[in-house]
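K.L.:
One structure follows; several queries about it will come next.
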Amino acid sequence: MADLISGNLDADMKNSWRTDPEVFKALNREFNFSIDVAADPINSLCEHWYSALHDALTNDWAEMLMQIELHMSAFCNPPYGRGMIEKFMQKAIEQKHKGVTTVMLVPATLDAQWLPVNDISEIRIITGGRLSFYHPINNKKVNGNTKGSMFVIFRPSIMPCVVRLIDRNELLGTKKRLKVAA
């Protein structure tokens, strides 16, 4: 988020922007998420979640999901602070080998060192506009994201990485369809 919007937030709050629930719902229809692995009591999008206090990076997501008999699927909008995206990517790789599908919402930066292309099943780059996020304190939707976004998907199966483009308005179900004259 722009420094103007987040400049007055402490480091923890800068890493606590909430994913737009409409974006989450669109993905959840496909992946049926059981756990939000980078959340807090205010911004969690699943009934089950890990916060910084519970530390998703040291806990075994697969073990927890098997214990409560839920789908082996995790959603992750990781903290964007220095080094955190890479740590969550490495954890998602570890967990995919245990049967967990993880979908991560990250900046659309294909040349980033933290992007482990050889371990990723799919990358979906958002086109047609930028995603909005919810402010960590007042929980109001804030437009003006300064970077594009993409979903990085880690599946348990071994397959080469596929890159797709997805229109933001199609994702959100707001794309206007052209009427074709008969």
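K.L.:
Could you identify the single residue in ALA62, ALA56, ALA74 that is more than 23 Å from VAL162 (Cβ to Cβ), touching a residue at least 24 places away in the same chain (Cβ under 8 Å) and surrounded by 20 or more Cβ atoms within 10 Å (Cβ to Cβ)?
P.N.:
Among ALA62, ALA56, ALA74, only ALA56 is more than 23 Å from VAL162 (Cβ to Cβ), touching a residue at least 24 places away in the same chain (Cβ under 8 Å) and surrounded by 20 or more Cβ atoms within 10 Å (Cβ to Cβ).
K.L.:
Consider ALA62 carefully, then state whether it is in a helix (DSSP H, G or I) and modelled with pLDDT of 90 or more.
P.N.:
yes
K.L.:
Looking for whichever is more than 17 Å from ALA74 (Cβ to Cβ), at pLDDT 85 or above and of a type outside the set (Lys, Arg) here; the options are PRO160, PRO136, PRO156. Which one fits?
P.N.:
PRO160
K.L.:
With respect to the numbered conditions (1) of a type outside the set (Ser, Thr, Tyr); (2) surrounded by 18 or more Cβ atoms within 10 Å (Cβ to Cβ); (3) outside any loop (DSSP other than H, G, I, E, B), which one is the sole condition not fulfilled by LEU115?
P.N.:
Among (1) of a type outside the set (Ser, Thr, Tyr); (2) surrounded by 18 or more Cβ atoms within 10 Å (Cβ to Cβ); (3) outside any loop (DSSP other than H, G, I, E, B), the lone unmet condition for LEU115 is (3).
K.L.:
Still on this structure: Within the range 129-141, is even one residue loosely packed, with under 14 Cβ neighbours inside 10 Å and touching a Phe, Trp or Tyr at 6+ places or on another chain (Cβ under 8 Å)?
P.N.:
Yes, some residue in the range 129-141 is loosely packed, with under 14 Cβ neighbours inside 10 Å and touching a Phe, Trp or Tyr at 6+ places or on another chain (Cβ under 8 Å).
K.L.:
With the structure loaded, tell me whether ALA26 is over 21 Å from LEU165 (Cβ atoms), outside any loop (DSSP other than H, G, I, E, B) and either over 14 Å from the mean Cα position of the chain (by Cα) or in contact (Cβ under 8 Å) with a residue 12 or more places away in the chain (or both) or whether it fails that test. Walk me through it before giving the result.
P.N.:
Values: over 21 Å from LEU165 (Cβ atoms): no; outside any loop (DSSP other than H, G, I, E, B): yes; either over 14 Å from the mean Cα position of the chain (by Cα) or in contact (Cβ under 8 Å) with a residue 12 or more places away in the chain (or both): yes.
Answer is no for this residue.
K.L.:
Quick test for you: out of ALA39, ALA26, pick the one residue that is touching a Cys at 6+ places or on another chain (Cβ under 9 Å), among the hydrophobic types (A, V, I, L, M, F, W, C) and surrounded by 15 or more Cβ atoms within 10 Å (Cβ to Cβ).
P.N.:
Within the list ALA39, ALA26, the selection yields ALA39.
K.L.:
Just to be sure before I move on: is HIS97 over 13 Å from the mean Cα position of the chain (by Cα) and at pLDDT 95 or above in the structure I sent? First the steps, then the outcome.
P.N.:
On the way: over 13 Å from the mean Cα position of the chain (by Cα): yes; at pLDDT 95 or above: yes.
Yes: the conditions hold for HIS97.
K.L.:
Another question, if that's okay. Name the one entry in HIS48, HIS97 that is surrounded by 14 or more Cβ atoms within 10 Å (Cβ to Cβ) and not aromatic (Phe, Trp, Tyr).
P.N.:
Values: HIS97 fails: surrounded by 14 or more Cβ atoms within 10 Å (Cβ to Cβ).
Answer to the selection: HIS48.
K.L.:
Here is a follow-up. In the range 126-152, how many residues are touching a strand residue (DSSP E or B) at 6+ places or on another chain (Cβ under 8 Å), on the phi < 0 side of the Ramachandran plot, outside any strand (DSSP E or B) and among the polar types (S, T, N, Q)?
P.N.:
Number satisfying all stated conditions: 2.
K.L.:
Against the condition over 24 Å from ASP119 (Cα atoms), part of a loop (DSSP other than H, G, I, E, B) and at pLDDT below 95, how does MET1 come out, does it pass?
P.N.:
Answer is yes for this residue.
K.L.:
Shifting gears a bit: Being of a type in the set (Val, Ile, Thr), assigned to a strand (DSSP E or B) and either surrounded by fewer than 17 Cβ atoms within 10 Å (Cβ to Cβ) or under 11 Å from the mean Cα position of the chain (by Cα) (or both) is the filter here, so list the residues in the range 100-112 that pass it.
P.N.:
If the condition is that a residue be of a type in the set (Val, Ile, Thr), assigned to a strand (DSSP E or B) and either surrounded by fewer than 17 Cβ atoms within 10 Å (Cβ to Cβ) or under 11 Å from the mean Cα position of the chain (by Cα) (or both), then THR102, VAL103, VAL106 are the ones that fit.
The values are calculated or read from the model by the stated rules, or taken from the named source; none is laboratory data. What you see is a predicted model; the values in this text were computed from it and never measured. Backbone-built Cβ (ideal geometry, glycine too); neighbour counts: all protein chains shown.
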